[in-house]
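Novice: Pasting in a structure now, in structure tokens, and then I'll have a few things to ask.
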Amino acid sequence: MLYLELFWSFVKIGFTSFGGLSMVPLITSEMLSHGWMTLEEVADIVGIAEMTPGPLGLNCATFTGVQAGGLFGALAANLGVLTPTLSLATLAAVFFERFRRTTVMEKILTGVRPAGFGLIVGIMFSLAAANYFPDSGPDWYAMAIGALDAVLLLWRKWSITAVIGLSAGLGMLCYGLLPML
């Protein structure tokens with residue numbers, strides 16, 4: 001029964017909030033109404049969830065589930081908080097598949113594709129400016145690593161995982177070991 005209650009509480013939280021801090025009042029209400037936590041414990045859970053990587057709702061569901069019902073409690077709470085997203089994504093996929101070949105959908109995608117491409121290019125330029133030209137001037141190490149990455153990905157056809165690993169190693173070498181010498 002506890003696992004079903006955890007699941008249902010987080011389904012309600014997932015469907016009635018929009019993620020982030022908007023979930024905190026709902027989480028607080030559910031935890032206090034079921035007696036799973038005190039107000040101080042909820043504050044601690046939210047603080048920990050904010051500091052750990054990942055979405056706040058999923059982190060809160062994990063920590064709350066573990067505290068209230070152990071590993072199976074965490075699984076139930078996580079499934080609950082993910083149910084809204086999974087069901088809406090599935091519904092969108094069904095509608096997309098059903099209407100994919102229609103004239104209206106083709107016209108919509110004709111506008112969405114260039115907009116998506118433009119957003120990606122815009123992000124690339126803003127990240128490149130921040131990474132390659134920080135306040136102190138050009139970062140030659142970062143530029144060299146970025147150029148090497150482009151060559152390895154585009155012309156040498158290396159896997160993304162291998163390039164990320166190599167870049168991490170080069171970053172540790174250039175920014176960790178070389179300055180110490």
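The values are calculated or read from the model by the stated rules, or taken from the named source; none is laboratory data. All values reported here derive from a predicted model rather than from experimental measurement. Methodologically, a virtual Cβ is constructed for each residue, glycine included, from the backbone with ideal geometry; neighbour enumeration extends over all protein chains shown.
Novice: Could you tell me whether L127 is out of contact with any helix residue (DSSP H, G or I) (no Cβ under 6 Å at 6 or more places or on another chain) and either modelled with pLDDT of 95 or more or not in a helix (DSSP H, G or I) (or both)?
Specialist: No: the conditions fail for L127.
Novice: Can we say L109 is part of a helix (DSSP H, G or I) and at pLDDT 90 or above?
Specialist: Considered against the rule, which asks whether it is part of a helix (DSSP H, G or I) and at pLDDT 90 or above, L109 comes out as no.
Novice: Then there's this: Every residue in segment 135-145 that is closer than 19 Å to A168 by Cα and either part of a loop (DSSP other than H, G, I, E, B) or among the hydrophobic types (A, V, I, L, M, F, W, C) (or both), please.
Specialist: Passing the criteria: D139, W140, A142, M143, A144, I145.
Novice: Continuing with this model, one more query. Taking interchain pairs and intrachain pairs at least six residues apart, which have beta carbon atoms under 6 angstrom, with the first residue in segment 27-55 and outside the structural domain of G73 (by TED's automatic domain parsing) and the second assigned to a helix (DSSP H, G or I)?
Specialist: Correct list of pairs: empty, since none qualify.
Novice: Of all residues in segment 20-47, count the ones that are touching a helix residue (DSSP H, G or I) at 6+ places or on another chain (Cβ under 6 Å) and more than 13 Å from A68 (Cβ to Cβ).
Specialist: 6
Novice: Could you say which residue among A74, A89, A93 is at pLDDT 90 or above and closer than 15 Å to Y3 by Cα?
Specialist: A74
Novice: To continue, here is another question. Could you tell me how many of the residues in segment 44-88 are in a helix (DSSP H, G or I) and loosely packed, with under 11 Cβ neighbours inside 10 Å?
Specialist: 3
Novice: Give me the residue from segment 29-43 that is of a type outside the set (D, E, K, R) and buried (at least 17 other Cβ atoms within 10 Å of the Cβ) and, out of that set, nearest to W8 (Cα to Cα).
Specialist: So, considering only residues that are of a type outside the set (D, E, K, R) and buried (at least 17 other Cβ atoms within 10 Å of the Cβ), the one nearest to W8 (Cα to Cα) is M31.
Novice: Out of G137, G176, which single residue is of a type in the set (G, A, S), free of Cβ contacts under 8 Å to residues at least 40 places away in the same chain and on the phi > 0 side of the Ramachandran plot?
Specialist: G137
Novice: When segment 13-25 is examined, which residues are found to be under 21 Å from the mean Cα position of the chain (by Cα) and not aromatic (F, W, Y)?
Specialist: Of everything in segment 13-25, those that are under 21 Å from the mean Cα position of the chain (by Cα) and not aromatic (F, W, Y) turn out to be I13, G14, T16, S17, G19, G20, L21, S22, M23, V24.
Novice: Counting only residues that are under 27 Å from the mean Cα position of the chain (by Cα), in a helix (DSSP H, G or I) and more than 16 Å from D139 (Cβ to Cβ), how many does segment 153-167 have?
Specialist: 9
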